Amino acid sequence: ATLCVLGLFNLNAQEPETITVGSGGENFRYSPTYVYNKYSITQQIFVADEMQNKSGKITSVSFKGTKAATRNFKVYMVNTDKTSFSSGSDWAAITENDLVYSGFVTFPANDWVTITFQTPFTYKKGKNLVLCVNDVTGSDQMSITQFASDSKSDSRLLYVNDYYNGYDATNITASGTLESKLNHVQFTIVDDGSGEILDEA
């Protein structure tokens with residue numbers, strides 16, 4: 001009987017949960033992408049408290065836009081001790097191993113879009129989280145969608161965009177713009193125990 005009870009607890013622990021960050025009281029046009037330009041990179045920091053001190057495999061992220069748009073994204077995630085960005089060149093280091101999604105994303109008007117990762121991300125307990133969106137579309141859109149966001153007291157968003165030149169999130173040489181904002185997002189997370197395991201020294 002004891003084994004059955006333990007089994008049930010383990011099943012419950014692996015149910016997907018939704019972490020909602022912010023309320024989306026504002027709209028902001030530059031993050032996670034600026035559709036009026038062909039290329040962009042954004043990095044934003046979500047702190048452990050906003051992640052509700054959960055850990056495990058993050059399997060998706062959702063954004064809410066105001067107008068319809070289709071963009072080609074590379075999405076990266078990393079665990080970090082950073083709590084904010086100190087300058088326009090203070091990008092978090094990203095590698096190809098941090099890629100969680102690559103492909104097209106279609107935003108509906110005034111609704112959520114969920115980006116389901118091709119590679120789930122192991123979010124470590126107690127860490128902060130960098131979410132990096134590299135827009136590699138190569139075309140612009142006149143109808144500018146804005147994205148649900150919230151103001152913060154510190155610079156937790158860093159972004160750059162360009163009409164002529166693309167960016168590589170794993171080698172950012174451009175100086176970006178700091179903003180005290182954060183996208184209103186939803187993460188899906190599964191507590192499979194992987195976030196409890198410390199990195200090897």
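The values are calculated or read from the model by the stated rules, or taken from the named source; none is laboratory data. Note that the structure is predicted; figures quoted are calculated from it, not measured. FYI the Cβ positions are ideal-geometry reconstructions off the backbone, even for glycines, and counts take in every protein chain you see. Heads up: the accessible areas ignore ligands, DNA and RNA and are worked out on the full protein's heavy atoms, side chains in. Shrake-Rupley method; radii C 1.70, N 1.55, O 1.52, S 1.80 Å.
Tabulated values for the structure
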{"read-out": "Computed lengthening from Asn53 to Ala109, 0.36 nm per intervening residue step minus Cα-Cα distance", "value": "17.0 nm"}
{"read-out": "Residue (of Ser87, Phe147, Thr122) at the positive-pole extreme of the chain, dipole from beta-carbon charges", "value": "Phe147"}
{"read-out": "Isotropic mean projected area of the C-alpha convex hull, the range 1-142 (nm²)", "value": "10.3"}
{"read-out": "Rounded tilt (10° steps) of 2-13 against the dominant C-alpha axis of the chain", "value": "10"}
{"read-out": "The chain: relative contact order as a whole-number percent, Cα under 8 Å and 6+ apart", "value": "40"}
{"read-out": "Label-point gap, in nm, between Asp154 and Arg29 - each point 7 angstrom along Cα→Cβ", "value": "3.0"}
{"read-out": "Efficiency of FRET from Cβ geometry, Asn97 and Asp140, R₀ 25 Å, rounded to 0.05", "value": "0.25"}
{"read-out": "Compactness index (Cα Rg / 2.2 N^0.38 Å), the range 67-201", "value": "1.10"}
{"read-out": "Thr173-Gln14 FRET efficiency (beta carbon distance; Förster radius 41 Å; 0.05 resolution)", "value": "0.50"}
{"read-out": "Point-to-point label distance, Thr83-Asp162, nm (Cα→Cβ direction, 7 Å offset)", "value": "3.3"}
{"read-out": "Ordering of 26-33, 163-170, 77-84 by packing [mean C-beta count within 10 Å, highest first]", "value": "26-33, 77-84, 163-170"}
{"read-out": "19 Å Cα-Cα reach of Lys57 towards lysines, excluding residues that sit fewer than 8 places from it in its own chain", "value": "Lys74, Lys124, Lys125, Lys127"}
{"read-out": "Accessible surface of the range 86-143 [probe 1.4 Å, protein heavy atoms]: carbon and sulfur percent", "value": "50"}
{"read-out": "Taking all pairs of distinct alpha-carbon atoms in the range 83-147, Kirkwood radius in angstrom", "value": "15.0"}
{"read-out": "Per residue value of the accessible surface for the range 45-129 (all protein chains in place, 1.4 Å probe), Å²", "value": "43"}
{"read-out": "Gln118/Asn72 FRET efficiency (R0 25 Å; Cβ-Cβ; nearest 0.05)", "value": "0.95"}
